[in-house]
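Worksheet: one structure, shown below.
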Amino acid sequence: MGKIWKCAALFLAAALAVGAVSQQQTAKGAERGVVLKIGKKTYTKKTFQMTKGTKAALTVKAKNMGGKKKVTYVSSKPKVVSVSKKGTIRARKEGTAKIRVAVKAGKKKASSWVKIKVVKKAKASVFNFKKKTVRLNSGYDMPLNGLGTYSLEGDVCVTSVSEALKRGVRLIDTAYMYDNEREVGKAIRESGIPRSEIFVTTKLYPSQYGNPQKAIDAALKRLDVGYIDLLLLHHPGKNDVKAYKAMEKAVRQGKVRSIGLSNWYVEELEEFLPQVSVTPAVVQNEIHPYYQENDVIPYIQKLGIVVEGWYPFGGRGYTEELLSDQTITKIAKAHGRSAAQVILRWNLQKGVVVIPGSSNPDHIQENTEIYDFKLSPKEMRRINALDRGEKHDWY
Ligand SMILES: NC(=O)c1ccc[n+]([C@@H]2O[C@H](COP(=O)([O-])OP(=O)(O)OC[C@H]3O[C@@H](n4cnc5c(N)ncnc54)[C@H](OP(=O)(O)O)[C@@H]3O)[C@@H](O)[C@H]2O)c1
């Protein structure tokens, strides 16, 4: 974010109605005209997030105001965000401040404001390959590899999770939408493994965002494993900020340990983050060699958020093509590994947590054996070159 902001220009379009307009009306009209330009993209919103220690250029575009313009800037909290006479804003301290911009040209006046949320510079999370975990910004450790349970139903789900737990897998990924939280919980309870050693992720679906408190309690009941390690919003949707705030509360209540998002990309994060208090611990997005998100991953990681990839093998219906890709199979052969293992290892070396889905115990086992070989920088580059921006699901 810092770098983006350095080159960002903030356009406060102070929309001035022609004729005599009261000060109050002017301010209201101007608010609606606030335009943020980051790089080539333009957004309209009220609150912007900056990282402590970064600066940004704030420039004013005042429509219908001919003649020589005088622009003045005032910060509500200069210790949090200061602003120079030329409109350079500096994020100095964590907190929130408003910058008011006033434009005067002859007798014409217009004003607007922008709210800036300053967050501390995040440390990118480091994968601990010895412990096979990563420390989240919430303070909890999350395993680097898990079992995805999308499309695993009934007894197949119970057996798959049991087999995974027997084979040392300690991260299980489910969701309200998968309709198998009960089965995941059952397998966990019956495993005999201490609850504290298992990491359970589930997700709220957009249809639940209107009544998130109820949805969280229902998930806890279905899982019946005491608490949820990681709760994600499955997709952006109506009331997502409301739902996230309910998740923040659930953390304070001890019902949930860490919270995060799924299917949020750069623009969505820029819009969403200024509106919430707790930085997500994890963002889970589609990532595989044919859809790599090479611009999104570092952006998220720089915010101190761990990236987790779904559809590591391209998802059902696409796995055959990906697992027989010549580049990948050649690399796999050179290491005496399977293509699946190479893909999972490639993810780990990019700092991406993996949750391959499987109901086959041999595959589940194979998918855990990814810590005793390493891809060279050249091999990583060769897989990176396979990217074709080919998304295998709509979200
Ligand atoms: N947040 C989201 O929006 C979202 C969306 C989709 C998925 N997800 C999560 O991500 C997880 C992973 O995605 P996914 O399960 O749909 O797709 P995936 O992991 O890309 O692929 C699963 C397929 O790969 C096969 N497979 C697994 N290991 C294999 C191996 N070692 N060798 C050969 N084939 C192997 C499985 O068949 P077998 O059963 O025969 O092993 C299954 O057909 C999901 O389960 C879910 O938890 C999240």
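Residues in the stretch 318-346 that are within 11 Å of the ligand (Cβ to nearest atom) and touching a residue at least 12 places away in the same chain (Cβ under 8 Å): how many?
12
For Ala250, indicate whether it is modelled with pLDDT of 95 or more, small (Gly, Ala, Ser), within 25 Å of Gly139 (Cβ to Cβ) and surrounded by 15 or more Cβ atoms within 10 Å (Cβ to Cβ).
Judged against the criteria, Ala250 is a match.
Got a sec? Which of Asn285, Asn294, Asn263 is under 9 Å from the mean Cα position of the chain (by Cα) and surrounded by fewer than 21 Cβ atoms within 10 Å (Cβ to Cβ)?
Asn263
Restricted to the stretch 363-394, and to residues that are closer than 12 Å to Ile328 by Cβ and in a loop (DSSP other than H, G, I, E, B), which residue is farthest from the ligand (Cβ to nearest atom)?
For the stretch 363-394, the residue satisfying everything is Ala385.
Residue-by-condition table, conditions (1) at pLDDT 95 or above; (2) surrounded by 21 or more Cβ atoms within 10 Å (Cβ to Cβ); (3) on the phi > 0 side of the Ramachandran plot; (4) assigned to a helix (DSSP H, G or I):
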position	(1), (2), (3), (4)
Gly139	yes, no, yes, no
Thr159	yes, no, no, yes
Leu165	yes, yes, no, yes
Ile172	yes, yes, no, no
Glu183	yes, yes, no, yes
Arg189	yes, no, no, yes
Thr201	yes, yes, no, no
Gly210	yes, no, no, no
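Need pairs with beta-carbon distance below 9 Å; first residue under 22 Å from Val200 (Cβ atoms) and assigned by TED's automatic domain parsing to the domain that holds Thr319 and within the stretch 348-362, second among the basic types (Lys, Arg) and modelled with pLDDT under 95; sequence gap 6+ or separate chains.
Every condition considered, the pairs that remain are Gly357/Arg316.
The values are calculated or read from the model by the stated rules, or taken from the named source; none is laboratory data. Everything quoted here is computed from the prediction, not taken from an experiment. With ideal geometry, Cβ positions are generated from the backbone for all residues, glycine too; neighbour counts draw on all protein chains shown.
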